[in-house]
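See below for the structure under consideration.
The values are calculated or read from the model by the stated rules, or taken from the named source; none is laboratory data. What you are looking at is a predicted structure, and each value in this text was computed from that prediction instead of being measured. Note that we place each Cβ from the backbone using ideal geometry, even for glycine, and neighbour counts take in every protein chain shown.
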Amino acid sequence: MQGSATFLIAFAAGNFIYIAGSDLIPELHKEEPKPLKSALQLIAFVLGVLILLSLTFLERVTNRANTINLKAQTYPNRVSGARDTSS
């Protein structure tokens, strides 16, 4: 549930930014919509969403790698599979 909430929050934030941007840039609504211009706007929007998703994925991978490194530093014998031969 928490994983999907992260993506829904990012999606909602993107929608709010889009609405605010379209209100602030009235040039988008001045002339008759052209198919090529509309396609470019849609591509830019989808590209922005993909960038947000990739940053979310990168953050998760980085956090996981940091957690594994922390465990390796805390419990070196358990993580690496080496046996304790001190006894």
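Miscellaneous remarks
- Condition met for T62 (surrounded by 11 or more Cβ atoms within 10 Å (Cβ to Cβ), among the polar types (S, T, N, Q) and modelled with pLDDT of 80 or more): no
- For the stretch 18-43, a residue qualifies if it is at pLDDT 85 or above and surrounded by 11 or more Cβ atoms within 10 Å (Cβ to Cβ), and exactly one does: L40.
- Of all residues in the stretch 44-56, those that are assigned to a helix (DSSP H, G or I) have Cβ atoms under 8 Å from Cβ atoms of residues that are among the hydroxyl-bearing types (S, T, Y), 6 or more apart or on another chain, in F45/Y18; T56/T6.
- Leading residue by the ranking (surrounded by the most Cβ atoms within 10 Å (Cβ to Cβ)) among those in the stretch 65-84 that are of a type in the set (A, V, I, L, M, F, W, C) and modelled with pLDDT under 70: V79
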